[in-house]
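Take a look at the structure set out below.
The values are calculated or read from the model by the stated rules, or taken from the named source; none is laboratory data. Just so it is clear, the model here is predicted, and its values are computed rather than measured. Here the Cβ positions follow ideal geometry from the backbone for every residue, glycine too, while neighbour counts run over all protein chains shown.
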Amino acid sequence: MDTIFPNRIHIIGSVGSGKTTLARTLSTRFHIPYYELDNVVWERAEPNDIRRSEADRDAMLLSIVNKKCWIIEGAHLKWVSPSFCRADLIVFLNPSYSTITYRIITRFIKQRLRLEQAHYTPTWDMFKKMFEWSATYQREGRYQIQDTLEDYPGKVVVVKDLKQLKQRLEHWRSPIEQQERTSG
């Protein structure tokens, strides 16, 4: 039995867990706009990004979650409860440490070779920070996410690898696909 794809999705996980890739994929397939929480926190500017005030950041998040359809992705946890509350589905990407490490290295190489775009300058310092963030996530972050998501029963899907999620996606249809199936 096919089910209609949810209109409001929050994707959370560590750096290198696949959040942005998944958000882009779902956005393209289901015609739902996606938003990166880093772009809510940071106003993109040259030569350096500017951190928004907490009030501006929170107002921007509310303007997104009050829309009919959205996909939000990011590693942020403490200030995003409005998104969790409004979400139809929360996807917690929790791959293995080796997968995350591989993705951090691969991303860095692609960004340094300018094969992949970044919102930041891919410096060696940033590369080091990604490993620090990943280690903190392994020690603490994933458990904090698990504890927080217990407050949203029935909305949460924990995914260790994208193969699990792809199997689930096979049963979901966008409202447009559902309409075509019933009218055809």
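State whether the residues of the stretch 156-173 include one that is at pLDDT 90 or above, assigned to a loop (DSSP other than H, G, I, E, B) and more than 22 Å from Leu37 (Cα to Cα). Scanning the stretch 156-173 turns up no residue that is at pLDDT 90 or above, assigned to a loop (DSSP other than H, G, I, E, B) and more than 22 Å from Leu37 (Cα to Cα). Total residues in the stretch 1-46 satisfying the condition of being without any contact (Cβ under 8 Å) to a residue 40 or more places away in the chain, in a loop (DSSP other than H, G, I, E, B) and of a type in the set (S, T, N, Q): the figure is 0. Restricting the stretch 108-122 to residues that are over 16 Å from the mean Cα position of the chain (by Cα) and surrounded by 12 or more Cβ atoms within 10 Å (Cβ to Cβ), the residue that is nearest to Asn48 (Cα to Cα) is Tyr120. Screening Phe5 on (1) crowded, with 18+ Cβ neighbours inside 10 Å; (2) under 14 Å from the mean Cα position of the chain (by Cα) shows it passes everything except condition (2).
Yes/no per residue for (1) at pLDDT 90 or above; (2) in contact with a strand residue (DSSP E or B) (Cβ under 8 Å, 6 or more places away or on another chain):
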| residue | (1), (2) |
| --- | --- |
| Asp88 | yes, yes |
| Ile105 | yes, no |
| Lys110 | yes, no |
| Thr121 | no, no |
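The residue of the stretch 123-151 that is farthest from Ser83 (Cα to Cα), among those that are charged (D, E, K, R) and surrounded by 13 or more Cβ atoms within 10 Å (Cβ to Cβ), is Lys129. Figure legend. Inter-residue proximity from the stretch 108-135: first residues within 22 Å of Pro95 (Cβ to Cβ), second residues of a type in the set (Val, Ile, Thr) and in a loop (DSSP other than H, G, I, E, B), beta-carbon distance below 7 Å, spacing 6+ or different chains. Indicated pairs: Met130/Val15; Trp133/Val15; Ser134/Val15.
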